[in-house]
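*Asks:* First the structure, then my questions, so here it is.
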Amino acid sequence: MTTSEAGAQPALPRGRADRPAPRGHALAGKRADEPPAPGPLAASTRRAGGWRGAATPWLFQAPVLVSLAVWVYGPLVFTGVLSLLDWDLISPHPEFVGLTNYRQLVEDPEFGNAVLRTGLYVLALLPFATVVPMALAIMLWKRPGRASGIYRSLLFVPVMLAPVANALSWRFVLDPLGGIVNEVFGGLGLPQRDWLGDPSFALPAITLITAAKFVAMHLLLYGAALAAVDRRSLDAARVDGATEWEITRHLVVPQLARTTALLAFLCAVFAGQWTFTNIVVLTDGGPDGTTDNVYFRLFQYAFTFFDAGTGAAAAMMIVAGLALAFAVVSLPRRRRATG
Amino acid sequence: MPPADRTAPAVTAADGASSGALATAIPLRRQPMPTRSMTENPTGGAAAVRGPAARRDRRWWRAARTAGRHGVLVAVVLAMLFPTLWALNTSFKPTSDVYDSSPLPIPATLANYRAAIDAFPIWQLLLNSFVTAAGVTVLHLLAGVLAGWSFVRYAHRGQRVVSALVLVALVVPPQALIIPDFLLVARLGWRDTFVGLIVPQLSTCSLAVLLLRQHILTVPATLLGAATLDGATDGEILRHVVLPLLRPALGAVAIVVFITTWNEFLWPALVAPSPEHTTVQMGLQLFQNQEGPEYGPLLAGAMLATIPIALIYALASRRITDAFLHSGLR
Amino acid sequence: MTSHVKGQDQMRQRTRWGTRLVPALLAVAGLLAAAACGGTTDDEKPVAATGAATPNADKPVTISFLSYNYGTPGIGGKGTQSLLDAFHKAHPNITVKPQGVAVADVLTRLRTDTAAGSPPDVAQIGWSKMAEAVRTLPIVPVQKAAPADEWSTHVAGLSPSIMKAVTQDGVVAAMPYTMSIPVMYINADLFKAAGLDPANPPKTLDDVRAAGLAIKKATGKEGAYVAVVDSGKSDYLTQSVIASAGGSLVGSDGSVTLDQKPAVDALTAVAGLTSSGAMPKVDTTAAVASFTKGEMGMLVGSTALLVSAQQAAEGHFTLTTAPFPQVKAGTPARPTYSGAGLAILAKDPDRQRAAWEFIKFITSDAGFEIITSQIGYLPLRQTIETKLADTPTVKLLKPALDQLATVTPYTSFPSDHANEAVVTLQDDAVEPIVLRGADPAGTLSSVADKIRKLVG
């Protein structure tokens, strides 16, 4: 969690400054703010004792570890081997080609373009993954009641519709020859466009279409995080004369810091994956590669060009790249925590 | 910065809340108030000490703000709902009007719904989708709660590694896992079975682990400590202290996992393509055919496919209310 | 016969190697013991090397049929079901188990199923993917799965030009099945409104431009569209215009020729339609939508769309058709085909035999009657063309059927990267040239270099 919390930090100096001690910094980090004396950990391990005590966490984690080993890491090693081969999964003679697939990818301007575009998607979607749903969630949380319930449900609707159908209805709406958006623009005397076919508008269009999914999903997750916030603390501040803005800014937002950090992290991971369906249905990476991203590229290599080796190399680079990026982001924080 | 100074004590206290100090401290200081009345009179405390003019001013200000709030929310809702409403609109249009820009389906027709229902055993597909999504959701929640709890509760040597493994699993592109996972399922003889559909989708359980761990972290440590001192076993603490507090999180994670699974199509299309097991998303894919795509029936089918999700949302989102209402903390 | 059996043995050898490698790699990956050990799969069972000639005709056989038409809600799905029903009635001891698949996923399904050791026995594969499928999948050429005498009797009634076009190295790998070629759809009402005669349609791309501009001026609707910017990234229409200008993508020696003069001329001509305003700068999906709404005068596209265009036009506008226009005045148009063929992947001789019976039936007179009348694909048999000549569908198909005689074979880049080359051609050359005014000669030249590097 390190990773993401560090990212959120600059925005939330206040809440941070008041923290007595750094929190657990690895995903499974110890709770540094726990009462030090007879901590739950100490107590439980003492009681369980011996090897059983040591085995307990592993037992709890076994389902996840086994699942990931079988369905993620095994296949990832497989993919790693595949990335060194020139093989189509079927032919009898896989050819070992070393790092050729990687070198070709690095040299391919289209892959470089896809990396860049993926970064653009992440940056453009970040506000829709954090600030926007947080603001909406707080707004709704502060005034609970039927109206808020209705708003909340309606705001969740965009992710209920099948992604293919959602993307398709955008195609109708944005249709260059007589779609409603162009009709309205024409009526207002504004220029009509082929929104998804114009190199300078296609990426913003895909971004906005995907943004709705982030807002809806993250609104739900912020709602769950707010459910763990005790409203009574707000009331205390109100009695003290704090304005609503102050309460939001200094009381509520800091308590959402961890969630915001996690959701920012999820945005970095899912921006590419959630734009994927929209790209497949609406633009196929075009026009002129402006809506491409690395996941779509990987899909092209693996499922359209049937170039399993290059697809595997792309996958390995995505994993390595993201893992490295998160490690770099988390590093300063780790140092501070230990030093 | 006077306002900040005024709220400073509250901030410290609230900040403590997430780390456990406030939750027990507040009830001692103050009687819990019914949430409703508190929120309907948000500035009451301050207004009471001012004059009538100021009060009138305040009331006007409040009304304007409420109107503004609803204005913003309605605008956001409309923007967010637009494509769905358009899909709904289009699903009632005859084939020749699908690309029409009319905001209402005139003339309206049920032909698309009839086509979608006649096209394939849609109820069977919906049932298959439901079984698959529910199965995956249950497995994710189970794995997530156990792992999330153990991350928070126990420290052990391999923890760093384990946590890194969970994080990195999230960034592995699903497009890269499909083929090796498929080959594995084929070797195991799980093709065209629900087991083959469901179990490999544990590959995405990292998300549930992370989200649930996040929420377990907000359980006040003092509470856990107290329970331990009372002699409760870890299992009892998990069941009686942590799980009730996790209600909202479980509801939210269940919705997210259910919907994500429900909307998956490449995996069911490869692993279980037969109508006995395949999902409704795979069915929807078939509408995009070569001889003139059937967009109307596709959207009608998609509309039918949202009904179970809406039900799940209605059920699960009821849990996303204040955690404290369901815990022993009041 | 002997060569056939030998070929089969090699095939078995290949797939066995392939399927052994997969678990081996999975084992490397440290997967479950169960996965690593694996089990005996079908292909490892000894197969009686009897070949296709001595089948047990009376034994009930079940074969699987992968089809992207099956199970679709429209005409394709219904037509395929009719074919299956008719076949089951005629051959009660052969059961065909159909498997539906999204059209975009056909090759993915075939490859993964093959890698897993259980490909379908018969598959419907699009022509644009056929070369790749034949090269990589254990396809038994349909001509070799059929007894020689049955083969010659069967193909005797089929369109000779199509059969010639799909013959590669003297062998037909896949049986022409749901075939289409490009044709010009005309909205006769818009023609009349612009003072044009739909009975005397434009013959060249220059005529198309003039008529398109006239329609646009008179009615305010869109003029014409030549669907080279295919939404599914197929290049059959690109090939059609280039072939009609006397060129090709690939020369007879396998060299990339898409930057030579005929190709440049062809795309310059199409780009001339957009730059003049006669053709809207949109992709095929939007153009087809516009035409079916009655908002466009002419659409040059696949005959696969015919029945849905007929349905959309009914009660809205009068739909007529005309031959694929000449790209250069005086040079006859030579469109290529699209659609799909049927390939056999069955390994077991009994199932191969049953697969042939199935293919033979659905491409017989009875089969093509259903294919044409219900789905709208070309009647490849003269008997059916004559029999259905008075139906509205075949009347509209007539201009296309007349052009079948001069049909050009669909060409594939001779390489493992053929699909990538096609996508590169469509994305980096055709779309920018036709929709965004890129320079035809320069763009084609740089894209040709890129493709040479790719396939070379």
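Readers should treat all values here as calculations from the given coordinates under stated rules, not as data from a laboratory. No experiment lies behind these values; they were computed from the predicted model shown. So basically every Cβ, Gly included, is an ideal-geometry build from the backbone, and we count neighbours across all protein chains shown.
*Asks:* Quick check: Cα centre of the stretch C:168-202 to Cα centre of the stretch B:137-152, how many Å?
*Replies:* After rounding, the separation between the Cα centres reads 60 Å.
*Asks:* Using amide H atoms built 1.01 Å from N in the peptide plane, name the residues 5+ places from C:Gln326, or on other chains, whose amide H lies under 5 Å from its own.
*Replies:* Those lying under 5 Å, H to H, from C:Gln326 are C:Thr204, C:Leu205.
*Asks:* Continuing with the same structure: Which stretch or stretches of the stretch A:140-162 have amide N atoms under 19 Å from the point lying 7 Å from B:Ala314's Cα along the Cα→Cβ direction?
*Replies:* Zone members listed by number: A:145-162.
*Asks:* Roughly speaking, what is the centre-to-centre gap between the stretch A:142-212 and the stretch C:302-360 when only Cα atoms are used, to the nearest Å?
*Replies:* 36 Å
*Asks:* Another question, then. Are there trypsin sites (Lys or Arg not before Pro) in the stretch B:142-230 that DSSP puts in a loop and that have at most 16 other Cβ atoms within 10 Å, and which ones?
*Replies:* Qualifying residues, ordered by number: B:Arg157.
*Asks:* In whole Å, largest first, what are the principal axis extents of the Cα atoms in the stretch C:71-225?
*Replies:* 60, 34, 34
*Asks:* Which whole-angstrom value gives the distance between the alpha carbon centres of the stretch A:221-257 and the stretch C:398-433?
*Replies:* Cα centroid to Cα centroid, the span is 63 Å.
*Asks:* Now for a different question. Filter the DSSP H helices in chain C by two things, a Kyte-Doolittle mean of at least 0.0 and an axial alpha-carbon span of 15 angstrom or more, and list the hits by number.
*Replies:* Taking the DSSP H segments of chain C (at least 15 Å long, mean hydropathy at least 0.0), we get C:205-219, C:261-276, C:440-455.
*Asks:* Could you compute the FRET efficiency for C:Lys89 and C:Ala329, with r as their C-beta to C-beta distance and R0 at 45 Å, rounded to 0.05?
*Replies:* That gives a FRET efficiency of 0.30.
*Asks:* Using Cβ contacts closer than 10 Å as the measure, can you line up C:Met279, A:Met217, C:Met163, A:Met317 from fewest to most?
*Replies:* Fewest to most other Cβ atoms nearby, the residues stand as C:Met163, A:Met317, A:Met217, C:Met279.
*Asks:* Which peptide among B:57-68, C:108-119, C:180-191 comes first, and what is the full order, when sorted by highest mean count of other Cβ atoms within 10 Å?
*Replies:* Put in order of decreasing packing, that is C:180-191, C:108-119, B:57-68.
*Asks:* Return the distance in nm (one decimal) between the two label points of a simple spin-label model at A:Leu123 and A:Glu183, each offset 7 Å from Cα along Cα→Cβ.
*Replies:* Taking the two extended label points, one gets 3.7 nm.
*Asks:* Find, among the GluC sites (Glu not before Pro) in the stretch C:308-401, those assigned to loop by DSSP (not H, G, I, E, B) with at most 13 other beta-carbon atoms within 10 angstrom.
*Replies:* C:Glu314
*Asks:* Round to the nearest 0.05 the FRET efficiency obtained for C:Arg135 and A:Leu99 when R0 = 30 Å and r is the Cβ-Cβ distance.
*Replies:* It comes to 0.70.
*Asks:* Hey, got the average number of other protein chain Cβ atoms within 10 angstrom for residues in B:207-219?
*Replies:* Across the residues of B:207-219, the mean count of other-chain Cβ atoms within 10 Å is 5.
*Asks:* When you look at the Cβ of every residue in B:297-304, what mean number of other chain Cβ atoms sits within 10 Å?
*Replies:* The shielding value for this peptide is 4.
*Asks:* Here is a follow-up. Expressed as cubic angstrom per residue, what is the convex hull volume of the alpha carbon set of the stretch B:114-326?
*Replies:* Convex hull volume per residue, Cα atoms: 140 Å³.
*Asks:* Using packing as a proxy for protection, rank A:92-105, B:236-249, B:162-175 so that the peptide with the highest average count of other Cβ atoms within 10 Å comes first.
*Replies:* Most protected by this proxy first, the peptides run B:162-175, B:236-249, A:92-105.
*Asks:* At a Förster distance of 56 Å, what's the computed FRET efficiency of A:Trp245 paired with C:Lys192, Cβ-Cβ distance as r, to 0.05?
*Replies:* 0.25
*Asks:* Something else now. Once you've got the Cα coordinates, tell me which of C:Lys233/C:Lys293; C:Lys360/C:Lys398; C:Lys78/C:Lys129; C:Lys97/C:Lys347 are over 18 Å apart.
*Replies:* C:Lys233/C:Lys293; C:Lys360/C:Lys398; C:Lys78/C:Lys129
*Asks:* Kindly give Rg over Rh for the stretch A:138-287, based on alpha-carbon atoms, with the Kirkwood expression for the hydrodynamic radius.
*Replies:* Ratio of gyration radius to Kirkwood radius: 1.09.
*Asks:* Given labels modelled 7 Å from the Cα in the Cβ direction, how far is it in nm from C:Ala441 to B:Arg59?
*Replies:* Going from the C:Ala441 label point to the B:Arg59 one covers 8.2 nm.
*Asks:* Also, quick follow-up: Please compute the modelled spin-label separation between A:Leu208 and B:Thr66, points set 7 Å along Cα→Cβ, answer in nm with one decimal.
*Replies:* 3.3 nm
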